Amino acid sequence: MVEVFKTNVVKQEQASQLLGLLLQRFPSSKINFDLEDCDKILRLEGPDFIVDDVMRLVRKEGFACSVLD
């Protein structure tokens, strides 16, 4: 399963912090940010994540996160 999210993460330090949290929650997923993209993309690829859980975790850390259409 692959999902792409739009975020408002702008700093590499913020992305790194979120990556750590996401990898703790979804350890078998491949996760990365593309902060160069205008939508500040968060991409997850893996067998066992729930889209709403990803958005909830990112939002809990104070960032916007929605599924990219």
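The values are calculated or read from the model by the stated rules, or taken from the named source; none is laboratory data. Predicted model only: the values in this text are computed from it and were never measured. Reconstructed Cβ throughout: ideal geometry from the backbone, glycine too, with neighbour counts over all protein chains shown. Areas reflect the complete protein model, heavy atoms only, side chains present, ligands, DNA and RNA absent. Shrake-Rupley method; radii C 1.70, N 1.55, O 1.52, S 1.80 Å.
With charges set only on the Cβ (+1 for Lys and Arg, -1 for Asp and Glu), what does the dipole of the chain come to about its Cα centre, in debye to the nearest 20?
On the way: 9 positive and 12 negative charges, 50 e Å.
Dipole about the Cα centre, nearest 20: 240 debye.
Where does each of D34, D48, D69 land when they are ordered by accessible area, with a 1.4 Å probe and the largest first? Mind dumping the intermediate values first?
On the way: D34 60, D48 85, D69 185 Å².
Largest accessible area first, the list is D69, D48, D34.
GNM, the chain, Cα, under 10 Å: largest mean-square fluctuation among L18, L35, L44?
L35
Which of the GluC sites (Glu not before Pro) across segment 1-64 are loop residues per DSSP, with 15 or fewer other Cβ within 10 Å?
On the way: sites: E3, E13, E36, E45, E61; in loops: E36, E61.
Here the GluC sites (Glu not before Pro) that fit, given the DSSP loop and packing criteria, are E36, E61.
Under 15 Å between alpha carbons, and skipping anything fewer than 8 positions from K30 in its own chain: which aspartates and glutamates qualify?
E3, E45, D48
At A64 and D37, where each label point lies 7 Å from the Cα along Cα→Cβ, what is the point-to-point distance in nanometres?
Taking the simple label geometry, A64 and D37 are separated by 1.6 nm.
Looking at segment 23-69 from every direction and averaging, what is the projected area of its Cα convex hull in nm²? If you can, show how the numbers build up before the last one.
On the way: hull surface 13.9 nm².
It is 3.5 nm².
Per residue, what accessible area does the chain have, given a 1.4 Å probe and all protein chains present, in Å²?
Details: 4260 Å² over 69 residues.
Normalised by residue count, the accessible surface of the chain is 62 Å².
If you rank V4, V54 by how much accessible surface each has, with a 1.4 Å probe, what is the order from largest down? It would help to have the intermediate numbers written out before the result.
Values: V4 45, V54 0 Å².
Sorted by accessible area, descending: V4, V54.
Which listed residue (L18, C65, S28) has the Cα farthest towards the positive end of the charge dipole for the chain, taking +1 on Lys and Arg C-beta and -1 on Asp and Glu C-beta about the Cα centre?
Going by the charge dipole, the pick is L18.
In a Gaussian network model over the chain where Cα atoms closer than 10 Å are linked, find which of K40, K11, K30 has the largest mean-square fluctuation.
K11
Using a 1.4 angstrom probe and counting only protein chains, how large is the accessible area of R43 in Å², to 10?
80 Å²
Measure nothing but the geometry: give the 0 to 90° angle between the long axis through the Cα atoms of 51-60 and the longest principal axis through the Cα atoms of the chain, rounded to 10°.
40 degrees
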